[in-house]
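The values are calculated or read from the model by the stated rules, or taken from the named source; none is laboratory data. Bear in mind that the values here come from a model prediction, so they are computed numbers and not experimental data. All Cβ positions, even for glycine, are placed from backbone atoms using ideal geometry, and neighbour counts span all protein chains on display.
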Amino acid sequence: MTRRSRILTNLFFSIPLATSLLCAAPHAGAQTSASFTVPFAFSANNQNVPAGSYNLRRESSCILSLDNVKTGKSQFLMVRPDDSGQAIETQGRLVFRRYGTHIYLTQVWSPGTSRHSELVVQPKTERDLAKGSPQTGSSFEVALK
């Protein structure tokens, strides 16, 4: 085997390896998980979520997985990432919005980062209520473990 063919063979095997490592890097940094318990039912991306304990996992920059600890049922949430440059969250938190008797998950703040995500899908009821009377809605937070 000539020197040139050895170099080409090494490049042939090295380039796919380097590419796969570079592509895996953003996902490794993006995958974070946390757990939380809520004593109330809520809505997230037009999905009803019962009260209970959940594991929250970041699948990608735009997808979160919400896993019910008791039933094992998983729900996927579409989010819009926002790196606001604010202080780093040590614990992380969920931000909920209440309109009348309806409670909606609106934001997820990731622990150990300054990044938070806003849920993409906003129920029509929430949009209408927010437009009609912004003062009647209230927000509150639940800490992530």
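The criterion of at least 1 residues that are polar (S, T, N, Q) and assigned by TED's automatic domain parsing to the domain that holds Gln122 is met, among strands (runs of 3 or more DSSP E) falling completely within segment 38-111, by 42-44, 47-49, 52-58, 63-68, 74-83, 102-109. State all residues of segment 40-51 that are more than 16 Å from the chain's Cα centre (by Cα) and surrounded by fewer than 16 Cβ atoms within 10 Å (Cβ to Cβ); if no residue qualifies, say none. Correct list: Phe40, Ala41, Asn48, Pro50, Ala51. If you go through segment 60-80 and keep only what is out of contact with any Asp or Glu (no Cβ under 8 Å at 6 or more places or on another chain) and of a type in the set (A, V, I, L, M, F, W, C), you end up with Cys62, Ile63, Leu64, Leu66, Val69, Leu77, Met78.
Of all residue pairs spaced 6 or more apart or on separate chains, those with beta-carbon atoms under 9 Å, a first member in segment 35-50 that is at positive phi and in contact (Cβ under 8 Å) with a residue 40 or more places away in the chain and a second member that is of a type in the set (S, T, N, Q) and surrounded by 13 or more Cβ atoms within 10 Å (Cβ to Cβ) are Asn45/Gln75; Asn45/Gln122; Asn46/Gln122. Restricting attention to segment 83-115, the residues being surrounded by 14 or more Cβ atoms within 10 Å (Cβ to Cβ), more than 17 Å from Ala34 (Cβ to Cβ) and at pLDDT below 85 number 1.
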